[in-house]
Amino acid sequence: MVEAVVVDDSQFMRVQIAEVLKDGGITVVGDAANGKEAIDAVEQHDPDVVTMDVKMPGMDGIEAVERIMETRPTPILMLSRYTEEGADTTFEALDAGAVDFFRKPGGEVSTSLVQFADDLVEAVSLVATADVSPVSPAGTGAIETVTTPQETPTRPPTILIAASTGGPPEVQSLLAALPGTLNARVLVVQHMPTDFTDRFADRLDSVCELDVREAERAGRVGPGEAIIAKGGSHLVPREDDGVEISYRLTDDEPVHNVRPAADVTFEAGAAVCTEPLVAVVLSGMGYDGAAGAEHVAEAGGTVLAQEPSEASIGAMPEHTIETGVVDGVFRTSKMTDEIVSAVTDETGE
C-alpha cells in the first residue's frame, strides 16, 4: 500500500487531492500547507511519496524539496500549473531532486481534477517507486564540459536520446557536458506535456554549448544543434544529407501510450541517419527506447544505457539492456565521455 503526504497551501485543494488518491487506493497519511509543514510531515510519517505544490507562502515547494532531499530523501511529485514562470520553477524543483511533475488541469487544481483522477493516481504510484538515494542533482553543482576530441569527427555524428520520468536532470547533465566542437546533431525524446517542452528546451539552451530548441512542425537540425521533441507529437527524422537531418512531427497514434515515443525516433533515425550514430536510453518507466535501440544496433550504431541502479526509474534502461544490443552501461556522469569515444572511434576507422 502506497502512503502519501499531500502538500498544498489551499485546504480545498488538499482535500480534493487526498480524496482522489484515497479513491485510487493510496493511503494519505498526512498533509501540509507550506514547505516547513511538509518537512515536518515527512519526518513524522515517513511516506512513500509526497505531492508538492510549487508556490506556497513562507517556504515554497522548491526549498521544501531541497530540504527533504537533504534530510530524508523521499520521492516527490510536483503539482504545477502551466505559466512560463510556473514551468521554470517546476524545472528548478526537478533540479532540486523532485522525480516528476503533474500538470494541474485548467491551470489550477479544481473540481476538474476529478476528470484526471486516474492519471494523478498513476503518476503518484509511479513516483513512489523511484529510487531517490542521495546523488548530485544536475542543478546543484558546476557542470564540466568533457575534453574535446583531439580530432573533430569528419562526419557530424547523430545522438538520439530517450528519457521519461526522472529524465530531465539527466538530459540536462548529459547535454551540458557535450562539447560544441563535436558538431553533433542531437535529437531528444523526453516524455513531457506539450506546454513544457519549449521551456525545457530554453532551459537546456542556457546551460549547453549546443544550440537547443523545441522541434518545429517540420525542420532541420545541423552540427552543434539539439532539438527537443514537442510534447504530444512524434519526432521523425526523414533524411540526412551528411550535414543536416530533416525531420517532421506527426500526430500518429501513441506508442507505449506515449507521444512522443523514442522508439519512433530511434527507428526512423536508424533508417536515415549516417554514421556515426549513437542512441542513449536514460531514466524512465516502461519499454520505450528498447525496440528502437535494436534498430540502431542493426544499422551499425552504438547503443548506451544509463546504469539502472542510478536512474530514478530504471525500467527503460533495464528493458533496453535486456535486448542484448547495448554496447555499454554507464552512470550519467560518464556517459558523455563514452559518447565522444564512440563517435571518435567510428570516424577514425
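The values are calculated or read from the model by the stated rules, or taken from the named source; none is laboratory data. The structure presented is a predicted model; accordingly, all values stated were derived computationally and were not measured. All Cβ positions, even for glycine, are placed from backbone atoms using ideal geometry, and neighbour counts span all protein chains on display.
Here Gln44 meets each of (1) surrounded by fewer than 24 Cβ atoms within 10 Å (Cβ to Cβ); (2) in contact (Cβ under 8 Å) with a residue 24 or more places away in the chain; (3) farther than 18 Å from Pro168 by Cα with one exception, condition (2).
Residues checked against (1) over 25 Å from His256 (Cα atoms); (2) aromatic (Phe, Trp, Tyr); (3) out of contact with any helix residue (DSSP H, G or I) (no Cβ under 9 Å at 6 or more places or on another chain):
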position: Asp198; (1), (2), (3): no, no, no
position: Ser206; (1), (2), (3): yes, no, yes
position: Pro223; (1), (2), (3): yes, no, no
position: Lys230; (1), (2), (3): no, no, no
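Among the residues of segment 285-331, those that are of a type in the set (Gly, Ala, Ser) and over 12 Å from Ala163 (Cα atoms) comprise Ala291, Gly292, Ala293, Ala297, Ala299, Gly300, Gly301, Ser309, Gly324, Gly328. Sub-7 Å Cβ pairs linking a first residue in segment 55-72 that is at positive phi to a second residue that is modelled with pLDDT of 90 or more, at least 6 apart or interchain, are Gly58/Asn34; Gly58/Gly35; Gly58/Lys36, ordered by first then second residue. Within segment 155-203, the residues that satisfy the criterion of being under 23 Å from Arg238 (Cα atoms) and of a type in the set (Lys, Arg) are Arg155, Arg185.
Taken over segment 215-230, the criterion of being surrounded by fewer than 19 Cβ atoms within 10 Å (Cβ to Cβ) and under 26 Å from Val255 (Cα atoms) is satisfied by Glu216, Arg217, Ala218, Gly219, Arg220. Screening Ala305, Ala271 for residues that are surrounded by fewer than 19 Cβ atoms within 10 Å (Cβ to Cβ) and among the aliphatic types (A, V, I, L, M) leaves exactly one candidate, Ala271. For the residues Ala226, Ala261, the requirement of being among the aliphatic types (A, V, I, L, M) and closer than 22 Å to Tyr287 by Cβ singles out Ala261. Scanning segment 157-191 for residues that are in a loop (DSSP other than H, G, I, E, B) and either surrounded by fewer than 24 Cβ atoms within 10 Å (Cβ to Cβ) or among the small types (Gly, Ala, Ser) (or both) yields a count of 7.
Just a yes or no: is a residue in segment 284-299 touching a residue at least 24 places away in the same chain (Cβ under 8 Å), part of a strand (DSSP E or B) and more than 22 Å from the chain's Cα centre (by Cα)? No, that holds for no residue.
Considering segment 243-283, and only residues there that are among the charged types (D, E, K, R) and without any contact (Cβ under 8 Å) to a residue 24 or more places away in the chain, the residue that is nearest to Ala315 (Cα to Cα) turns out to be Glu253.
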